[in-house]
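> This structure is in structure tokens; I'll ask about it shortly.
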Amino acid sequence: MSSKLSGVIGQLSEILGGLPPEETQQAVGYPSLFLLVALGSLVPVVPTGAVVSSAAVVAFHQTAPAALLFVFLVSAFAAFLGDVTLYWLGQRGTRSKNGSRWLAALRDRASPERIEQARRKLDEHGVTVLVVSRLVPAGRIPVMLACLLARMPLRGFVRGDVPACLAWAATYQLIGIVGGALFDEPWKGVVVAVALTLAISGAPALWRKVRRSPGQQA
């Protein structure tokens, strides 16, 4: 078994070694992009927006005309797959008497007030709220929980999540394109893109903290 594995690794190294630098980046980069975004959608700890923006910076500086298109498609599909998997796991928790650790983990990441607010918006606007929730930092989990508590079928969630993931991928890719256009060296554009996405992600939490009075903080 080990000899076969060593042979496969050796063949892969020869293939990648014989490719031009851009093709090597694509052969390694797209699977890595897919795994990171899918993992970040399933376990919301990976800054997926920063990952997509960084990949867009690199793609912007490549000569391959379809590089940006591939980044967009891979990011959107990975985000969609992660969302649908997480929602399916959450559905299993709502149907079980004992719940599930996935549902419990989702509840721990959103306050009851934000879940209730998401439920009201879901009642008023339907699945279109999913599109907005994907674009608003930290808005995805409360809306997903609201959908779960409302017993929305998986088909209904999918119908709203498809445009949500497409809009999300396009937004963060645009941030990467802006960062890539500002500098000739890709690494500088990556730094700017990551800084922008992290600032956008942290802005709502910072704003809520600033709005709290000293008495509420105590």
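> With r as the distance between the Cβ atoms of residue 32 and residue 117 and R0 = 22 Å, compute the FRET efficiency 1/(1 + (r/R0)^6) and round to 0.05.
0.05
> Of the peptides 140-150, 155-165, 68-78, how do they stack up when ordered by the mean number of other Cβ atoms within 10 Å, highest first?
Packing order, densest peptide first, comes out as 140-150, 68-78, 155-165.
> I would also like to ask the following. To the nearest 0.05, what FRET efficiency results for residue 77 and residue 109 with a Förster distance of 30 Å applied to their C-beta separation?
That gives a FRET efficiency of 0.80.
> Further question: By how many nm would the segment from residue 182 to residue 85 lengthen if fully extended, with 0.36 nm per residue of separation less the alpha-carbon distance?
31.2 nm
> Give the accessible surface of region 71-150 per residue, rounded to a whole number of Å², with probe radius 1.4 Å and ligands, DNA and RNA excluded.
52 Å²
The values are calculated or read from the model by the stated rules, or taken from the named source; none is laboratory data. Remember, predicted model here, so these are calculated numbers, not experimental data. Backbone-built Cβ (ideal geometry, glycine too); neighbour counts: all protein chains shown. Only protein heavy atoms, including side chains, enter the accessible area calculation; ligands, DNA and RNA are left aside. Shrake-Rupley method; radii C 1.70, N 1.55, O 1.52, S 1.80 Å.
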